[in-house]
1. Note the full-extension length gain between Arg381 and Thr251 as 0.36 nm times their separation in residues minus their Cα-Cα distance, in nm to one decimal.
2. Just add up the charged neighbours of Pro225: K/R +1, D/E -1, any other residue whose Cβ is under 11 Å from the Cβ of Pro225.
3. Once you have all Cα-Cα distances for the range 245-328, histogram them in 5 Å bins from zero and send the whole-percent values.
4. Based on the mean of other Cβ atoms within 10 Å per residue, sort peptides 191-198, 319-326 so the most packed one is first.
5. Would you please put 234-244, 342-352, 173-183 in order of how densely packed they are, using the mean number of other Cβ atoms within 10 angstrom per residue and starting with the highest?
6. Specify the inter-centroid distance of the range 232-278 and the range 207-223, based on alpha-carbon positions, in whole Å.
Amino acid sequence: MPKPVGPAGSRAVRADFGVSNWVEERVRDDLLGVWGDATVTGKPVHSDLDSRKKTLPVVAALNADTPAGATLVSLYHGDDPLDLGHAAELIERCGARVWGQARPTSCSTRPATTCARSTRASGRPASSTPWPASPPAATTERSTMPGPVVVLASPRSFCAGVERAVEIVERLLAQRGGPIHVRKQIVHNTHVVADLEARGAVFVDELAEVADGATVVFSAHGVSPAVRAEAERRGMEVVDATCPLVTKVHTEARRFAGRGDTVVLIGHADHEEVEGTLGEAPERTVLVQTLDDVATVEVDDPTRVSYLTQTTLAVDETAEIVAALRGRFPALKGPASADICYATTNRQDAVRAVADEADVVLVVGSENSSNSVRLVELVRRRGKPAHLIDDVTDIRPEWLVGKETVGLTAGASAPTHLLDDVIAALDAREVRVRETTRETVQFTLPLDVRPR
Ligand code: SF4
């Protein structure tokens, strides 16, 4: 049975947050009061409110006497008045009532991206409902636990290829209005895709979903020659957002296959980039995904073998695979410069430095983001816990219990504002940046979308 918390007479109840007993003990004073038909998920922030469910985040409690029949509550998150104000707006948009003793701030004081996301998710414009008066008997208990130190990896977040791809779609939308069709996700991030969709982009899996003669954008991950040929045959206008560093790998695939080599492509079979690269010379390319695959890979002539890699692999694991390939095929040739791109390499170097200092590492990125997943794996290989989060709403309180130092980074397709949300939600008492290198790479835009 849940135990009551808060002052005598409070209607606050202890809910099941899905955490173990010792975690509950640790956060006992931080639990949130829940009334009426509300349920609690244990998520630390605003996702459920964003989706208009009557649930509340659990970070710190406001234990207040409430009128009978009250549906919802209010909450604190640390000492951040912006968070409180934003949460109040979200609660109001859910049609619930809010009480609180802290003065709310307007949602407009938060980063614009956060507010836009909330408004889109709720389907309603920001509420202008005034902050209701606190009920007379309200009493407040707040956590006095300080937030963790956050160690922020640098470089992190968007790379030049992602910046370019997103800008291409944005410019097309600005020039021509929607809908603009994009084959596959322009980059592997749910927030980027949702944001562009809301502005008129239409993401499709295959060209079959696009009318003949229409404009279509190819994503940053590239396409096979067969896809280009179909677009041409059907009279489509193609705007190519393929990252130039992916194009480099395609060019190498054609060159290596053209000189008669078997091309060993190191990568993940289900990734769009690999599908595209394989399509350059399918009859001469074989895929190797793991170290174990090296023992069984078959080639026409062991003296004529080249290798290429996906751009977003783990640098250390890939080096092992290449070494094993060279063990089997001593004449193995590779690209003149590494195919694993600068952004992938730099983010891995940076998170390695962060992992050494942190008790736990959070990686912001989507599940289908290869380079984000590699960052999580890298930290775990160093013996530290790491979690991939699409945004702040994925953080589970139990991950952070007893963690003094939280490492934070983002994959190359995750926007920066998502990290701002995480830092705010963690209520970090200090943010330290660990910069391992500074990036200056920029790619030019295709002619179709350059300013005239
Ligand atoms: S991660 Fe690398 S290859 Fe992929 S878009 Fe960014 S720079 Fe290009």
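Bear in mind these aren't lab numbers, they're just calculated from the coordinates by the rules spelled out. All values reported here derive from a predicted model rather than from experimental measurement. Backbone-built Cβ (ideal geometry, glycine too); neighbour counts: all protein chains shown.
1. Here the answer is 43.5 nm.
2. Computed value for this residue: -1.
3. Pair shares across the bins are 3, 16, 29, 26, 20, 5.
4. Highest to lowest by the protection proxy: 191-198, 319-326.
5. In descending order of packing, they fall as 342-352, 234-244, 173-183.
6. If we compute the Cα centre of each part, the gap is 16 Å.
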